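The values are calculated or read from the model by the stated rules, or taken from the named source; none is laboratory data. What you are looking at is a predicted structure, and each value in this text was computed from that prediction instead of being measured. Please note: Cβ atoms are built from the backbone with ideal geometry, for glycine as well, and neighbour counts cover all protein chains shown. We work out accessible area using only protein heavy atoms, side chains counted, and drop any ligands, DNA or RNA first. Shrake-Rupley method; radii C 1.70, N 1.55, O 1.52, S 1.80 Å.
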Amino acid sequence: MENIALIESFSEFKDDKFIDRVTLMSILEDVFRNALKKKFGSDDNFDIIINPDKGDLEIWRNRIVVADGEVEDDNQEISLTAARRIEPDFEVGEDVSEEVKLIDLGRRSILALRQNLISKIHEHDNTNIYKQFKELEGEIYTAEVHHIRHRAIIMLDDEGNEIILPKDRQIPSDFFRKGENVRGVIESVELKGNKPSIIMSRTSPLFLEKLFESEIPEVFDGLITVKKVVRIPGEKAKVAVDSYDDRIDPVGACVGMKGSRIHGIVRELGNENIDVINYTNNLQLYITRALSPAKVTSIKINEETNRAEVMLRPEEVSKAIGRGGHNIRLAGQLTGFEIDVFREGVEEDVELTEFTDEIDSWIIEEFAKIGLDTAKSILEQDLADLVKRTDLEEETVSEVMKILKSEFED
């Protein structure tokens, strides 16, 4: 088999989308030099001339002519008689260049050479894919569902690159079918071995921020800035926005008339409830806005401990805490303050956490979920109503009320 015929079988790589002509030549030379080292022990005295566009290759071995019987290194030296078979007028001490045919390397070496070349090309491609997606970290990306597994969805983009959407990066209500396009944010890109691992997320706060950027022109243009995003994926989110232009109402611009602008984002996130609030450096006002829809009566802030004591009318407490405690948790994450809620007009009350030696913690948590975290807040309620709202057994609720009542009777 001639050199040109072998190289033609490698020419498919020159059309590879990730590799340029110079890089291909470099990889080809490296692969052939490795093959020469294995065959001859050294490649120092070989010249390799490659033209991947034409699909041809030349390998020349350079040796010094020595007198017959004085050859010590077959790879570096050639006897005078052998040299004169190539060119009759060679003399001792002259350099001889002799072309090496690939067939001389042996069939097994040629197969190994091709396998090595494929491996190097794939390694180069993977490095380029890694670099390409590393630059896309934090950006929205779309790919098509290719395979659905228990712990992840495997997707392919238009270039055939594999993107993974793990189960824990999916919104709880997400349901995808094969062939469906999925949007998410590129969360991380890592090289595992030589293969890039591209992870997409739909639960990241950054995904919601990027959706604002792509769906709301004023955010895209920089007229409105998204200051912070916090989420409980699929349930609730709070987004603080600001504008340096006093003529722009950032909340109004993001929400749109009757929620028209934010509706597409809500739908993309599985009907996640999104509160958009105006950012401000005024901490009291910021915390007040963060606790929306609850109306705050007063706030006492301790910046050293990052705690805020918030006073509310009794009927506003459950709004501030929200279903499952989502509202107060997100308000705390958004503002960076631990928020303690107190009922206005309630005196000599006792926090429910003070009763952990008599009441199990999980029962206390059940009451906290519906905004009841003090003794009197529970004693003010109807027994039957508490059973319905907490999903606790009537006997359990009754026992809790008995314990709390005894506290005040004492």
>> Once you place label points 7 Å from the Cα toward the Cβ at residue 72 and residue 99, how far apart are they in nm?
In response: 3.3
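Output the relative contact order of segment 351-394, whole-number percent, from Cα pairs under 8 angstrom with separation of 6+ residues. All intermediate terms of the calculation are to be shown ahead of the outcome.
On the way: 22 pairs, mean separation 15.1, N = 44.
Rounded, it is 34 percent for segment 351-394.
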>> As a test of reading the structure, rank 390, 127 by solvent-accessible area (1.4 Å probe, protein chains only), most first.
In response: 127, 390
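Give a quick list of GluC sites (Glu not before Pro) in segment 288-389 that DSSP marks as loop, anything other than H, G, I, E or B, with at most 14 other Cβ atoms within 10 Å.
Details: sites: 303, 304, 309, 315, 316, 338, 344, 347, 348, 351, 354, 358, 365, 366, 380; in loops: 303, 304, 344, 347, 348, 358, 380.
Counting only loop positions with at most 14 other Cβ atoms within 10 Å, the GluC sites (Glu not before Pro) in segment 288-389 are 303, 304, 344, 347, 348, 358, 380.
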>> Let me spell out the model: positive unit charges on the Cβ of Lys and Arg, negative unit charges on the Cβ of Asp and Glu, origin at the Cα centre of segment 291-352. What dipole size does that give, in debye rounded to 20?
In response: 440
> Using the reciprocal of the averaged 1/r over all distinct C-alpha pairs, how large is the Kirkwood radius of segment 249-303 in Å?
Replying inline: 12.9
> How long are the three semi-axes of the equivalent ellipsoid for segment 261-335, computed from the Cα gyration tensor as the root of 5 times each eigenvalue, in whole Å, largest first?
Replying inline: 24, 15, 11
> Taking +1 at the Cβ of each Lys and Arg and -1 at the Cβ of each Asp and Glu, which of 390, 361, 337 sits farthest along the dipole of segment 323-402 towards its positive end, judged by Cα position relative to the Cα centre?
Replying inline: 337
> Just from the alpha-carbon atoms, what are the Rg and Dmax of segment 103-206 in angstroms?
Replying inline: 17.5, 63
>> Only four residue types carry charge here, +1 at the Cβ of Lys and Arg and -1 at the Cβ of Asp and Glu. Report the dipole size of the chain about the Cα centre in Debye, rounded to the nearest 20.
In response: 1280
> Any idea of residue 146's accessible area? Nearest 10 Å², probe 1.4 Å.
Replying inline: 90
> In Å and whole numbers, how far do the C-alpha atoms of segment 169-249 stretch along each principal axis, longest first?
Replying inline: 51, 30, 23
>> Per residue of segment 228-240, what does 6.51 cos²θ - 1.76 cosθ + 1.60 with θ = phi - 60° give for ³J(HN,Hα)? Whole Hz please, x for Gly and Pro, Karplus curve as stated.
In response: 7, 10, 10, 9, 10, x, x, 10, 8, 9, 10, 10, 9
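Among bridges DSSP assigns within the chain, what percent are antiparallel (round to 5)? Kindly include the intermediate steps, with their values, before the conclusion.
Values: 48 of 64 bridges.
In the chain, approximately 75 percent of DSSP beta bridges are antiparallel ones.
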>> Which residue, 206, 286, 276, has the largest displacement toward the positive end of the dipole of the chain when charges sit on each Cβ (Lys, Arg +1; Asp, Glu -1)?
In response: 276
> Nearest 20 debye, what's the magnitude of the dipole of segment 305-410 about its Cα centre given +1 on Lys and Arg Cβ and -1 on Asp and Glu Cβ?
Replying inline: 740
>> I'm spelling it out carefully: the read-out is percent of Cα pairs over 34 Å apart, the candidates are (1) 26; (2) 58; (3) 45, and one was derived from this structure. Which label?
In response: (2)
>> Under the rule of at least 5 residues apart or a separate chain, name every residue whose amide H is placed under 5 Å from the amide H of residue 163.
In response: 155, 156, 157
> lysines near residue 131 by alpha-carbon distance under 18 Å, same-chain residues fewer than 8 away left out - which ones?
Replying inline: 17, 120, 192, 195
> Along the charge dipole of the chain, Cβ charges K/R +1 and D/E -1, which of 69, 216, 28 sits furthest on the positive end?
Replying inline: 216
>> I'd like the accessible area for residue 300: 1.4 Å probe, protein heavy atoms, all chains in place, Å² to the nearest 10.
In response: 130
> Out of every Cα pair in segment 310-395, what percent are spaced more than 18 Å from each other?
Replying inline: 44
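Return the FRET efficiency for the residue pair residue 258, residue 119: r is the Cβ-Cβ distance, R0 is 45 Å, and the value is rounded to the nearest 0.05.
On the way: r = 59 Å, r/R0 = 1.30.
Efficiency, from the Cβ-Cβ distance: 0.15.
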> Any idea of residue 64's accessible area? Nearest 10 Å², probe 1.4 Å.
Replying inline: 80
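With all protein chains present, how much of the accessible area of the chain (probe radius 1.4 Å) comes from carbon and sulfur, to the nearest whole percent?
Values: 10410 of 23060 Å².
Ligands and nucleic acids excluded, carbon and sulfur reach 45 percent.
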> Stretch residue 360-residue 266 to full length: gain in nm at 0.36 nm per residue minus the Cα-Cα span?
Replying inline: 30.1 nm
> Membrane-span-like helices in the chain: DSSP H runs reaching 24 Å or more (Cα, own axis), mean Kyte hydropathy at least -1.0?
Replying inline: 21-40, 107-134
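Report the FRET efficiency, 1/(1 + (r/R0)^6), for residue 131 and residue 180, where r is their Cβ-Cβ distance and R0 is 22 Å, rounded to 0.05. Don't skip to the end; give the middle numbers.
On the way: r = 28 Å, r/R0 = 1.29.
Plugging the Cβ-Cβ distance into 1/(1 + (r/R0)^6) gives 0.20.
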>> Suppose accessible area is computed on protein heavy atoms with a 1.4 Å probe; arrange 141, 244 from highest to lowest.
In response: 244, 141
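Leaving ligands and nucleic acids out of the surface, order 108, 307 by accessible area at 1.4 Å, largest first.
Working: 108 205, 307 100 Å².
These residues rank, largest area first, as 108, 307.
Counting each DSSP H run of 4 or more residues in the chain as -39500 (n - 2.57), what helix-only mean residue ellipticity at 222 nm follows after dividing by all residues, to the nearest 500 deg cm²/dmol? Each step should come with its number before you reach the end.
Details: 15 runs with 152 residues, N = 410.
Calculated mean residue ellipticity at 222 nm is -11000 deg cm²/dmol.
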